[in-house]
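The values are calculated or read from the model by the stated rules, or taken from the named source; none is laboratory data. Only a predicted model underlies this, so the values are computations on that prediction, with no experimental measurement involved. Cβ placement follows ideal geometry from the backbone for every residue including glycine, while neighbour counts extend to all protein chains displayed.
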Amino acid sequence: MTTVPSVDESAEDVERGMDADAYEQLLDMYDVSFKNLAEGEVVRGVVLRVSNAEVVVDVGYKSEGVIPLDEFKDETGKPNVKPGDVVDVLLEKAEDKDGYVILSKEKAEKMKVWDDVERAYHDRRIVSGRVIERVKGGLAVDIGVRAFLPGSQVDTRPVRNLDSFRGQELRMRVIKVNKKRGNIVLSRKVVLEEENAERKRETLDTLEEGKVLMGAVKNITDYGAFIDLGGIDGLLHITDISWGRINHPSEVLKVGDEIKVQVLKFDRENERVSLGYKQLKADPWSTVSIKYPVGGRVKGKVVSLTDYGAFVELEEGVEGLVHISEMSWSKKIKHPSKLLIVGQTVECVILGIDQEAHRISLGLKQAEANPWMQLAEKYPIGSKLQGRVRNLTEFGAFVEVEEGIDGLIHISDLSWTQRVKHPSDLLKKGDVVEAVVLNIDADNQRLSLGLKQLATDIWDDFFSAHKVGDVVEGKISRVTSFGVFVELRDGIEGLVHISELDDKRVEKPEMQFRVGDVFPMKILKINAEEKRIGLSIRAAKQEEYRQDLASYRESAGDDRLTIGDAVRAAQTRDDDAEE
């Protein structure tokens, strides 16, 4: 507002205190008084006085005008007017009952705004306004007067949260105006589409493969992100966001981010653009074989766990896999989560690198001493150790020697003497037992133990005391279709084959021989390694006959006597003894 002298000031005061422009303005104002003012016109007036409730304005009419002070208050509620200010006002009524002219500053401003709005509508000019509130179907916008912005015209895409626009300054176009009804309809969508079309033309003219440019993240999906390059969107696929493995683009990007991207492919005809983000950084895999030699130790962060192992990040974009079999020397890991957690820092050993396939094999257990390699030093073969029976199977018992290290006592190494059908015949789970170390295979992580080896080998004792040709006494323990098994002493068994049972052919051994029968028999074969003894009842009888013949010949003094004579003589002796 321009301050001019009051109409009450004298011409002398005016000439003394005003410059030429202000004086000319005052003359113009007084010229108005000679015009015939009509109600409903917008005229210019000078503020004469400001009270607590009213502002008195001189518009050059025969009476002064009165305007409520509220029409001069700013956004903070404070009056923004003083005497001498020149204002545009609407002449509502020539004179009221008190003789004042009824004026309105607000209505004058609104009439001017309506004129501007109508011109903007016809000229297709852009107007600016501030969003006041959300209303049914859209937004109320202040463009000098209250106007309506439909929800469908807020953006080029549907907007879910219209409340987020409250208080924002928007650029729009008037698409409908009705002054009589006080109806103004705006569209921001039209402005955005025109601007995007222009930006799109400019972008397409300069777009080419390999070009690096800035873009805004417009939308994020599971498979990538759409980047606004300026009126045209490009797709940044998830595989081109990072050299490393990411589960979702939102781990790296968020809507609204301004990022630098590279054009990988451009289909001008279909207006399709493929973008790259990671391509602006050096490929970390190009130097992994140098930075991470096989056998070297590295530290990394566990970033993911699967059923088959754990992925460890060595640096941004470079991950290696620790297979579940490479996590512990001794523990049987059912799932990596039993040993590791995401975010944990671990030390690993590089086992292998496939640079082309972007794969690194890591070992967790290799960073620690192999307890199996130390086992032979702690428990040399033949030494004794103690352990707890951890599990029983049909073929033996597993004994925990150290945490995570089990040894197997095979069923054949449980007893020298007992015929063990199942390890549970001698052992039960949880028993603490002493055993002898029979063999250690560190490469295959196998430890063989023996229980019977704690006692003297009765087979060795037997073999040292007997040889082939000796006649021994045995008790039948089992009768089979192919012969009989004979117990020579506790834990020592031999076999008399069916052909060695008698001089005569034996068809059914079970008909002639019974368990518990005791016979002299001759040792025909000895296999110390396999602990097998071949016996013959028939040969023992023949040996007995030969001994009888020798004794008979010696007592008769006749070397011509045959074995038949000796047998008959023996039978005669037996008959006489029975009588």
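Is there any pair with a first residue in the stretch 225-251 that is closer than 16 Å to LEU207 by Cβ and a second that is modelled with pLDDT of 90 or more and in a loop (DSSP other than H, G, I, E, B) whose Cβ atoms are under 7 Å apart and which are 6 or more apart or on different chains, and what are they? Partner pairs satisfying both residue conditions: LEU236/TYR277. If you go through the stretch 38-89 and pick out every residue that is touching a Pro at 6+ places or on another chain (Cβ under 8 Å), on the phi < 0 side of the Ramachandran plot and outside any helix (DSSP H, G or I), you end up with 8. Tell me, which residue of the stretch 340-357 that is crowded, with 18+ Cβ neighbours inside 10 Å and under 19 Å from the mean Cα position of the chain (by Cα) is farthest from GLY296 (Cα to Cα)? Residue satisfying both the conditions and the ranking: LEU340.
When you check VAL117 against the structure, is it farther than 30 Å from VAL273 by Cβ, touching a helix residue (DSSP H, G or I) at 6+ places or on another chain (Cβ under 9 Å), touching a residue at least 12 places away in the same chain (Cβ under 8 Å) and not polar (S, T, N, Q), yes or no? So VAL117 fails the test. Would you mind stating whether GLY474 is touching a residue at least 40 places away in the same chain (Cβ under 8 Å), exposed (fewer than 12 other Cβ atoms within 10 Å of the Cβ) and more than 20 Å from LEU392 (Cβ to Cβ)? Here the answer is no, as GLY474 does not meet what is asked. Among the numbered conditions (1) under 18 Å from GLU530 (Cβ atoms); (2) out of contact with any Phe, Trp or Tyr (no Cβ under 9 Å at 6 or more places or on another chain); (3) in contact (Cβ under 8 Å) with a residue 60 or more places away in the chain, the only one that LYS467 does not meet is (3).
Of all residues in the stretch 25-55, those being surrounded by 18 or more Cβ atoms within 10 Å (Cβ to Cβ) and at pLDDT 65 or above number 5. Could you tell me whether any residue of the stretch 327-344 is out of contact with any Cys (no Cβ under 9 Å at 6 or more places or on another chain) and part of a strand (DSSP E or B)? The answer is no, given that none of the residues of the stretch 327-344 is out of contact with any Cys (no Cβ under 9 Å at 6 or more places or on another chain) and part of a strand (DSSP E or B). Scanning the stretch 436-460 for residues that are part of a strand (DSSP E or B) and more than 46 Å from the chain's Cα centre (by Cα) yields VAL436, GLY450.
When restricted to residues that are surrounded by fewer than 18 Cβ atoms within 10 Å (Cβ to Cβ), free of Cβ contacts under 8 Å to residues at least 60 places away in the same chain and outside any loop (DSSP other than H, G, I, E, B), the stretch 393-407 contains 2.
Restricting to the stretch 408-430, and then to whatever is assigned to a loop (DSSP other than H, G, I, E, B) and under 20 Å from SER383 (Cα atoms), can you tell me which residue is modelled with the highest pLDDT? Break it down into steps so the answer makes sense when it comes.
The first filter runs over the stretch 408-430 and keeps only residues assigned to a loop (DSSP other than H, G, I, E, B), leaving 414-422, 426-430.
Next, from what is left, pick out any that are under 20 Å from SER383 (Cα atoms): 414-416.
On the way: LEU414: 86, SER415: 82, TRP416: 74.
Selected residue: LEU414.
Residue count for the stretch 233-246 satisfying the condition of being of a type in the set (A, V, I, L, M, F, W, C), surrounded by 20 or more Cβ atoms within 10 Å (Cβ to Cβ) and within 14 Å of MET214 (Cα to Cα): 1.
When SER337, SER325 are checked against the criterion of being out of contact with any strand residue (DSSP E or B) (no Cβ under 6 Å at 6 or more places or on another chain), loosely packed, with under 14 Cβ neighbours inside 10 Å and either over 24 Å from ILE238 (Cα atoms) or free of Cβ contacts under 8 Å to residues at least 12 places away in the same chain (or both), SER325 stands alone in meeting it. The condition of being under 27 Å from ARG201 (Cβ atoms), at pLDDT 90 or above and under 26 Å from the mean Cα position of the chain (by Cα) does not hold for VAL263. Within the option set ASN391, ASN370, being of a type in the set (S, T, N, Q) and closer than 30 Å to ALA455 by Cβ holds for one residue only, ASN391.
Of the numbered criteria (1) in contact with a strand residue (DSSP E or B) (Cβ under 9 Å, 6 or more places away or on another chain); (2) under 20 Å from VAL312 (Cα atoms); (3) part of a helix (DSSP H, G or I), the one PRO293 fails is (3).
For residues that are under 16 Å from GLU118 (Cβ atoms), polar (S, T, N, Q) and without any contact (Cβ under 8 Å) to a residue 12 or more places away in the chain, tally how many sit in the stretch 167-217. Total satisfying the criteria: 1.
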